[in-house]
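*Asks:* After the structure tokens below, expect a handful of questions from me.
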Amino acid sequence: MSSIFQISQKYQEVIDDCEKMAEAVEPFAMEADESSVLYEPVLDALRNSGLSSLMVPEAYGGRFGEIDPLAVCLARESLMRTSSHLDSLFALQGIGSYAISLAGSNEQKERWLPAVSKAEALAALALTEPIAGSDLKGISTTVERKGSDFILRGAKSFISNAGAASFYTTLAKEGDGYSLFLVPADSEGLQITASPEIIAPHVLGELEFNEVVLSENSRLGEPGAAFRHVLATLSVFRISVAGAALGLMEGALREAVIHTSNREQFGRPLAKHGPVATLLADSWADLESSRFLTYQTASLAGEDPAGNLDRSSLAKLAATEAATRVVDRCVQSMGRWGLIRGSKIEKYYRQARPMRVYEGASEVLRLGIAARLVREYQNGP
Ligand SMILES: Cc1cc2nc3c(=O)[nH]c(=O)nc-3n(C[C@H](O)[C@H](O)[C@H](O)COP(=O)(O)OP(=O)(O)OC[C@H]3O[C@@H](n4cnc5c(N)ncnc54)[C@H](O)[C@@H]3O)c2cc1C
């Protein structure tokens, strides 16, 4: 599908490398996307591609000086078009490790980041709990100081990469504040079980911390600084969900265009019947407007991540809501062939749905976006 967006050489190379990796995964993408445990050939493809290096700074084996939100967006667009399993594995390398890049000690960085950059270590971010979801200040996981160690108690729920990850960047209450801790996967007292299966399978698990002993250098940064690091992570990676939504829209629209140009009813291709043409045209309009917003916001996030969190939320909201509309229209334009279990279009239909829930549910994002809008009007142009 052609786009008028101009991509510089630096980013074109990222796209080309991602397309190559996606091509390698294509033969088993349908199977991988039905797996809720790590599908090893996808990990092999990620390792062979070297693309996990987009997720750490150059000083620790990264591809660019700093993690570049536009590069991550473009990568996720290419990967999601082919496989959500691949997209998720790639994205989590950044989502789970960004707080280390940002606030980790030299020792923590040396221990984890070079391995993340080669996808030898897999990362995860553990915020959500059985009770606390959008309201993260309601968590009940705690750390308590014991001599020079920390004791971690509590539970986390719906954690991506659980069971596959090498470490969990974990949000816990420390006294009156909230801090992030690095919890190695082999920690004694850490129990992992599977989360319930969701409509679009995803590597998800429940973590239980039964008196997990963490060494004194397990905290990321200062005590009480967790939300600063979590918001910084979201500033860079929330926008990348919009990138993945673009890939999903492109994949769905491709299926619909091929089907509706080949199948004839009433003597001409479906795509030439006005109402079906409208489904396709409106979908392309949704895709291209989301693309401009996403790329522009990702560029801004590269310059000033924290200052652009609300804009990242705006782009994530717009692109993921658009993806739901697009995939629904594509299914409709394909009639009964849009409904076949195990087809690509049916897979995209299911995969679009969770995007409006994770990394900030749409309704919660709207609260922050509206508050920003009001502030901008109150403060004048
Ligand atoms: C595929 C997938 C992967 C995930 N991976 C991870 C992960 O790796 N790490 C992790 O920590 N978590 C992860 N999660 C959990 C995810 O972050 C939460 O599902 C999300 O934060 C929403 O929380 P909740 O599901 O408890 O919904 P709730 O917070 O219960 O919200 C339910 C509904 O109420 C709305 N709502 C809530 N509060 C308000 C409000 N104040 N105003 C208006 N509406 C409101 C929400 O928008 C939503 O529509 C994952 C979830 C999914 C589906």
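*Asks:* How large is the dipole of segment 123-222 about the Cα centre if only Lys and Arg carry +1 and Asp and Glu carry -1, each at its Cβ, rounded to the nearest 20 debye?
*Replies:* Dipole magnitude for segment 123-222 comes out near 120 debye.
*Asks:* Cut-off under 19 Å on the C-alpha distance; same-chain residues fewer than 8 positions from Lys118 excluded. Which aspartates and glutamates are left, in chain and number order?
*Replies:* Partners within reach: Glu13, Asp16, Asp17, Glu19, Glu40, Asp44, Glu58, Glu66, Asp68, Asp87, Glu107, Glu110.
*Asks:* In what sequence, highest mean first, do 332-340, 150-158 appear when ranked by Cβ atoms within 10 angstrom?
*Replies:* Output ranking for 332-340, 150-158: 150-158, 332-340.
*Asks:* If you don't mind, there's one more thing I want to ask. Rounded to the nearest 20 Debye, what is the dipole magnitude of the chain about its Cα centre when Lys and Arg each give +1 and Asp and Glu each give -1 at the C-beta? Walk me through the intermediate numbers first.
*Replies:* On the way: 37 positive and 48 negative charges, 224 e Å.
It comes to approximately 1080 debye.
*Asks:* Any lysines with Cα under 18 Å of the Lys146 Cα? List them, leaving off those in the same chain fewer than 8 positions away.
*Replies:* Lys173
*Asks:* Which shape class, rounded, prolate or oblate, goes with the chain when its Cα gyration tensor gives a ≥ b ≥ c as root eigenvalues, a/c under 1.5 marks rounded, and past that a/b bigger than b/c marks prolate? List each step's numbers first, then the result.
*Replies:* On the way: a/c = 1.82, a/b = 1.64, b/c = 1.11.
Here the chain falls in the prolate category.
*Asks:* Springs between alpha-carbon pairs under 10 angstrom, Gaussian network model over the chain: which of Asp286, Asp87, Asp186 fluctuates most?
*Replies:* Asp186
*Asks:* Here's a follow-up. What size of dipole, in debye to the nearest 20, comes out for segment 9-117 about its Cα centre when the only charges are +1 on Lys and Arg C-beta atoms and -1 on Asp and Glu C-beta atoms?
*Replies:* 360
*Asks:* OK, next. If you restrict to DSSP beta bridges whose two residues both lie in segment 123-222, what percentage is antiparallel, to the nearest 5?
*Replies:* 80
*Asks:* Also: Hey, with R₀ at 45 Å, roughly what FRET efficiency would Ser8 and Ala371 work out to, going by the Cβ-Cβ distance, to 0.05?
*Replies:* 0.85
*Asks:* Let me have the 222 nm mean residue ellipticity of the chain computed from DSSP H runs of 4+ only, each contributing -39500 (n - 2.57), with the sum over all residues rounded to the nearest 500. Numbers along the way, then the final one.
*Replies:* Details: 12 runs with 194 residues, N = 381.
Rounded to the nearest 500, it is -17000 deg cm²/dmol.
*Asks:* Expressed in nm², what is the orientationally averaged projection area of the convex hull enclosing the Cα positions of segment 227-379?
*Replies:* If you wrap the Cα atoms of segment 227-379 in a convex hull and average its projections, you get 10.1 nm².
*Asks:* Next question, about the same structure. Filter the chymotrypsin sites (Phe, Trp or Tyr not before Pro) in segment 220-324 down to the DSSP loop ones having no more than 11 other Cβ atoms within 10 Å, then list what survives.
*Replies:* Of the chymotrypsin sites (Phe, Trp or Tyr not before Pro), the ones in loops of segment 220-324 whose Cβ has at most 11 other Cβ atoms within 10 Å are Phe266.
*Asks:* Straight distance only, please: which lysines reach the Cα of Lys344 with their own Cα at less than 21 Å, same-chain residues fewer than 8 apart left out?
*Replies:* Lys20
*Asks:* Can you tell me the orientation of helix 362-379 relative to the chain, as the angle in degrees between its alpha-carbon axis and the longest Cα principal axis, to the nearest 10?
*Replies:* It is inclined by approximately 80 degrees.
*Asks:* Separate question: Can you compute the FRET efficiency between Asp304 and Arg47 using 1/(1 + (r/R0)^6), with r the Cβ-Cβ distance and R0 = 45 Å? Round to the nearest 0.05.
*Replies:* Step by step, r from the Cβ atoms, then E = 0.85.
*Asks:* For Ser157, which sequence-distant residues (separation of 5 or more, or a different chain) have an amide H within less than 5 Å of its own amide H, given hydrogens modelled in the peptide plane?
*Replies:* Thr128, Glu129, Leu207
*Asks:* Give me, ordered by chain and number, the residues 5 or more places off Ser195 or on other chains with an amide H under 5 Å from its own placed amide H.
*Replies:* Leu204, Gly205, Glu206
*Asks:* If amide H atoms are built 1.01 Å from N in the plane of the peptide, which residues on other chains or at least 5 residues away come under 5 Å of the amide H of Arg63?
*Replies:* Under 5 Å from the amide H of Arg63: Leu54, Met55, Val56.
Bear in mind these aren't lab numbers, they're just calculated from the coordinates by the rules spelled out. Remember, predicted model here, so these are calculated numbers, not experimental data. Cβ sites come from the backbone with ideal geometry, for glycine too, and all protein chains shown count toward neighbours.
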